[in-house]
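Please read the structure below before turning to the comments.
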Amino acid sequence: MLVLSLDSSSIASVALSRDGEVLSRFDTTDTRSHAEALAPAVQDLMTEAGLTGADLDAVLVGTGPGPFTGLRAGLVTARTLGFAWDVPVHGMCSLDAVAFHVAPAALTAGHTEFVVVTDARRKELYRRSYRVHEDELGPAIAPTDDPRVGAPQDVPALPCYGSGAGLYPDRLSHTVPGFAELHPSAADLTRAAWALTRRGHELSTDTSPLYLRDSDAKVPASPKRATR
């Protein structure tokens, strides 16, 4: 399986992989240039690998949660490429990619349950809780709740992994050292997807964005009629 993966829930990130092995990748450090970075990154990776869209088996995209503008850029790019190249597009929660990345370290530390947190801005965090266990294929994760957004004090008292974990040290006392700067990435997304398919799970074709809260953009109220 040759897969192009994209994630823009936090940073802009692109990866090419074959059977779960990352062949090449691109990651920004900028959380506000997703639309400008994604398409050129895809073109560069595909050109360097000597590939065209016809060579791909699928496109995989992180569905968030994330801010409206950044998340939308990745989803629209993935859907457009899938349509243009006539390949299936699959969606996966971006927090699941982080969970899969940290699963081996969590098991080593004895953390059979943990929570992934990322920055939701407005002094809030996106989060999702997981259980992890070892099977014949290695560490396996299972979400124990749905993705949520809320105040730091609402995060469960579990070991915290992810880029939101270091933002509120006074309120997140269970932050795991060494993992407080970990953003969702396309490379981790594709590894998590491969781990799922190896265990017999089908990838979702739902690429609906996980915004989790209302947009700041509001339809203006109808103007009042002038009275004479």
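Filter segment 74-87 for residues that are in a helix (DSSP H, G or I) and touching a strand residue (DSSP E or B) at 6+ places or on another chain (Cβ under 9 Å) and give the result.
Gly74, Leu75, Thr77, Ala78, Arg79, Leu81, Gly82, Phe83, Trp85
Kindly indicate which of Arg32, Arg25 is charged (D, E, K, R), under 16 Å from the mean Cα position of the chain (by Cα), open to solvent by 60 Å² or more (accessible area, probe 1.4 Å) and within 29 Å of Arg199 (Cα to Cα).
Step by step, each of Arg32, Arg25 is checked, and only Arg25 is charged (D, E, K, R), under 16 Å from the mean Cα position of the chain (by Cα), open to solvent by 60 Å² or more (accessible area, probe 1.4 Å) and within 29 Å of Arg199 (Cα to Cα).
What number of residues within segment 123-155 satisfy the criterion of being out of contact with any strand residue (DSSP E or B) (no Cβ under 9 Å at 6 or more places or on another chain), in contact (Cβ under 8 Å) with a residue 24 or more places away in the chain and over 17 Å from Ala103 (Cα atoms)?
Within segment 123-155, residues that are out of contact with any strand residue (DSSP E or B) (no Cβ under 9 Å at 6 or more places or on another chain), in contact (Cβ under 8 Å) with a residue 24 or more places away in the chain and over 17 Å from Ala103 (Cα atoms) number 1.
Condition first: farther than 18 Å from Pro184 by Cα and part of a strand (DSSP E or B). Now tell me which residues in segment 120-131 satisfy that.
Residue satisfying the conditions is Arg131 alone.
Name the one entry in Ala41, Ala73, Ala54 that is over 20 Å from Arg128 (Cβ atoms) and surrounded by fewer than 17 Cβ atoms within 10 Å (Cβ to Cβ).
Ala54
Does segment 164-171 include one or more residues that are open to solvent by less than 70 Å² (accessible area, probe 1.4 Å), in contact with a strand residue (DSSP E or B) (Cβ under 8 Å, 6 or more places away or on another chain), over 18 Å from Asp27 (Cα atoms) and not in a loop (DSSP other than H, G, I, E, B)?
no
Kindly provide the set of residues from segment 59-70 that are touching a helix residue (DSSP H, G or I) at 6+ places or on another chain (Cβ under 8 Å) and either on the phi > 0 side of the Ramachandran plot or surrounded by 14 or more Cβ atoms within 10 Å (Cβ to Cβ) (or both), ordered by number.
Those that are touching a helix residue (DSSP H, G or I) at 6+ places or on another chain (Cβ under 8 Å) and either on the phi > 0 side of the Ramachandran plot or surrounded by 14 or more Cβ atoms within 10 Å (Cβ to Cβ) (or both): Val59, Leu60, Val61, Gly62, Thr63, Gly64, Pro65, Gly66, Gly70.
Quick check: anything in segment 114-126 surrounded by 15 or more Cβ atoms within 10 Å (Cβ to Cβ), among the aromatic types (Phe, Trp, Tyr) and more than 15 Å from Gly164 (Cβ to Cβ)?
No: zero hits.
Quick check on segment 141-163: of everything there that is open to solvent by less than 10 Å² (accessible area, probe 1.4 Å) and part of a strand (DSSP E or B), which residue is nearest to His183 (Cα to Cα)?
That would be Tyr161.
The values are calculated or read from the model by the stated rules, or taken from the named source; none is laboratory data. Please read these numbers as outputs of a predicted model, since none were measured by experiment. Positions of Cβ are backbone-derived with ideal geometry, glycine not excepted, and every protein chain shown enters the neighbour counts. Calculation scope for accessible area: heavy atoms of the full protein, side chains included, ligands and nucleic acids excluded. Shrake-Rupley method; radii C 1.70, N 1.55, O 1.52, S 1.80 Å.
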